[in-house]
Amino acid sequence: MGVPPGPGQRLVGGCQTGRGLLPAPHKLLPPGEEEEEEEGEEGACRRAGPLLSRARMGVCSAAPHRCVWSRWDPLRWLRSFQRRTLARSSAPGALQQGKPPGVPAGAVSRPWGLRPGGRRGLRTAPPGSQEVMLTSERYGVRRLPFSPLSDSDLAFFEGLMPGRVITNPEELEPFNVDWLRSVRGCSKLMLKPQTTAEVSQVLRYCYERNLAVNPQGGNTGLVGGSIPVFDEIILSTVLMNRIISFDKVSGILVCQAGCVLEKLNEYLEEQGFIMPLDLGAKGSCHIGGNVATNAGGLRLLRYGSLRGTVLGLEVVLADGSALDCLASLRKDNTGYDLKQLFIGSEGTLGVITAVSILCPQKPKSVNLAFLGCQSFAKVLETFTTCRAMLGEILSAYEFMDEKCMELVEKHLKLSSPVAGSPFYVLIETSGSSSTHDEEKLNNFLERAMTSGLVTDGTVATDDKKIKTLWSLRERITEALTHDGYVYKYDISLPVGKLYDLVSDTRARLGRSAKNVVGYGHLGDGNLHLNITADSYSHSLLDAIEPFVYEWTARHNGSISAEHGLGFKKKQFIQYSKPSEAVLLMQRFKAMLDPKGILNPYKMLPSSS
């Protein structure tokens with residue numbers, strides 16, 4: 001049970017801004033202080049404080065007030081809270097696919113965020129952006145001796161897939177640039193196969209002709225892995241978006257690699273299941289790309305990595321031969337587990353064309369708490385307490401520093417219901433019983449508040465407000481792109497050392513960086529370190545690298561937790577892997593792709 005307010009305190013309802021921003025939750029007033037009269041909705045929201053205040057949280061002993069966040073009667077707070085379950089909308093068209101209104105055709109950059117209708121996907125950058133320098137020029141890369149594209153090559157591909165061969169430079173432009181606008185290639189051809197057989201024919205032809213191929217899914221990567229470096233042929237999986245089968249008994253989904261993650265989740269929710277991974281770019285990323293990069297995301301704490309949930313793959317190798325390991329079995333102990341070679345291989349060993357994946361049942365009860373902590377030590381202690389008290393229902397534990405929240409509010413005009421804390425944590429629970437889950441969450445919050453781990457906070461139980469709170473975390477990356485050029489680092493570290501890297505980097509760079517921020521999946525030991533500047537600078541990059549990688553290696557971390565190595569990090573793999581392991585990887589590459597045509601210049605350093 002929650003603790004009642006202190007003597008004379010009462011729980012006061014918040015208000016709705018009417019502009020799509022976060023409504024303010026309740027606050028506890030000290031003795032003798034009366035609630036001010038409302039000066040319009042916006043003014044009241046600025047004044048309203050957090051639901052969880054300083055030292056205690058609880059039900060109200062005064063007359064009921066209007067409560068925007070949960071619309072519960074404060075006198076019956078716990079009973080009402082326990083009755084509520086998350087009601088997700090499954091109405092057709094509730095989440096519509098397509099570009100935001102007013103976006104010009106052929107726009108180059110598409111940072112992800114909330115699309116109209118609340119959908120998370122990619123956004124198009126504002127017009128007038130400066131042209132991105134060619135990757136080959138910025139990084140001084142020399143083209144490998146692949147064959148140039150000829151008219152006879154185009155004729156072959158047109159005959160193979162008429163109407164799905166793209167050569168128009170304006171149409172190709174968005175696929176030659178990453179959405180961070182940090183790398184750019186000059187591919188003159190994009191192919192859109194629909195079947196594994198077509199992918200096989202394309203690769204067989206390219207292998208014979210020595211034509212380099214750049215596999216591309218939703219193009220949401222952060223390390224330049226999905227963008228050509230020179231004129232590689234872009235092999236897009238965008239039309240390979242068919243769901244092949246779903247077994248409601250086992251929860252095993254089989255689908256083509258080009259299925260958009262959010263669309264798969266919507267399909268599964270109608271069946272009472274969900275995808276085992278969730279990403280901020282879910283409205284645009286493809287499941288094949290997720291598997292090829294071994295994407296982590298927001299649900300890894302609860303459901304584990306793709307190396308455990310992916311049961312089978314269908315892959316086309318460099319010479320065009322198709323490898324059918326599309327098993328739908330939880331157990332298969334016959335020989336080497338070949339699918340693990342391709343999970344996280346970033347399209348360098350083969351092109352994934354279909355995936356078999358184990359999907360968990362959709363939770364019947366979901367709750368979200370957004371809390372403020374006064375130090376990173378409190379963030380860690382809150383996590384320890386949270387994991388012990390919430391146990392099996394804990395599905396996400398995210399953290400972000402105050403700089404992240406400042407950028408989200410400044411650039412995206414999102415308003416946080418909790419302010420004034422150096423750190424914030426977002427805790428999600430999901431389970432099968434709302435009464436059970438909410439009682440456990442309530443007990444945890446009581447412990448966290450009374451012990452001083454948490455100073456402020458709010459709780460959301462309905463779908464709309466849960467999504468609104470999640471947007472504060474998920475749109476940090478988008479906010480950063482509005483702050484200037486972004487140097488991004490995706491690091492794994494022992495949890496206790498996670499924020500030390502941010503502090504040390506901030507101290508090292510001083511005023512040479514505009515902002516240095518840290519956020520990420522604390523439950524997985526995954527830090528997203530981001531540094532912004534007004535524009536790209538070689539001198540700033542030299543100050544960051546290899547310092548960040550050396551610091552990470554010194555503390556037994558990994559230089560890439562979930563983003564992969566791509567083009568940007570391939571030369572730094574030795575900070576996380578011994579030379580013997582890198583040599584073995586290069587031997588695997590040489591065996592499966594002797595001519596090196598698959599996603600060249602990516603993932604592995606040159607063997608010379």
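Per residue, what accessible area does the range 483-576 have, given a 1.4 Å probe and all protein chains present, in Å²? Please report the intermediate quantities before stating the final value.
Details: 3420 Å² over 94 residues.
The answer is 36 Å² per residue.
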Q) Per the Kirkwood definition applied to all pairs of different Cα atoms, how many angstroms is the hydrodynamic radius of the range 131-362? A) 18.2 Å
Q | Interchain or long-range residues, amide H under 5 Å from ASP178's placed H | A | VAL183
Q.
Whole-Hz ³J(HN,Hα) for each residue in the range 540-557, computed from phi via Karplus 6.51 cos²θ - 1.76 cosθ + 1.60 with θ = phi - 60°, x for glycine and proline: what do you get?
A. 5, 4, 5, 6, 8, 10, x, 3, 4, 6, 5, 4, 5, 5, 5, 9, 6, x
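In nm, what is the difference between 0.36 nm times the number of residues separating SER539 and THR334 and their Cα-Cα distance? It would help to have the intermediate numbers written out before the result.
Working: separation 205, 0.36 × 205 = 73.80 nm, distance 5.23 nm.
This chain segment gains 68.6 nm when fully extended.
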Q. Can you pull the percent of the range 539-608's accessible area that's carbon plus sulfur, 1.4 Å probe, other chains left in place?
A. 57 percent
Q | In nm, spacing of pseudo-spin labels at ALA155 and GLU270 (7 Å Cα→C-beta vector) | A | 4.5 nm
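At a 1.4 Å probe, what is the % contribution of carbon and sulfur to the accessible area of the range 398-534?
Working: 1900 of 4210 Å².
Exposed carbon and sulfur together represent 45 percent of the surface.
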(Q) Can you give me the long-range amide H partners of GLY457? Hydrogens built in the peptide plane at 1.01 Å from N, cutoff under 5 Å, separation of 5 or more residues or another chain. (A) LEU51, LEU52, GLY372
Q. Taking the simple approach of a point 7 Å from Cα along Cα-to-Cβ for both HIS411 and SER432, what is their distance in nm?
A. 4.3 nm
Q: May I ask you to list the residues of the range 255-294 whose amide nitrogen lies under 14 Å from a point 7 Å from Cα along the Cα→beta-carbon direction of ASP247?
A: 255
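Could you look at the range 131-362 and say what percent of its accessible area is carbon and sulfur, using a 1.4 Å probe and all protein chains?
Values: 4600 of 9000 Å².
Carbon and sulfur atoms account for 51 percent of the accessible area of the range 131-362.
Kindly provide the trypsin sites (Lys or Arg not before Pro) of the range 346-448 that DSSP labels as loop, not H, G, I, E or B, and whose Cβ sees at most 16 other Cβ atoms within 10 Å. Intermediate results must be reported in sequence, preceding the final value.
Numbers: sites: LYS364, LYS378, ARG387, LYS403, LYS410, LYS413, LYS440, ARG447; in loops: LYS364, LYS413.
Hits after loop and neighbour filter: LYS364, LYS413.
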Q | Accessible area in square angstrom per residue, the range 131-362, 1.4 angstrom probe | A | 39 Å²
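The values are calculated or read from the model by the stated rules, or taken from the named source; none is laboratory data. Since the structure is predicted, the reported quantities are computational estimates derived from the model, not experimental observations. Positions of Cβ are generated from backbone atoms using ideal geometry, with glycine treated the same way; all protein chains shown enter the neighbour counts. Calculation scope for accessible area: heavy atoms of the full protein, side chains included, ligands and nucleic acids excluded. Shrake-Rupley method; radii C 1.70, N 1.55, O 1.52, S 1.80 Å.
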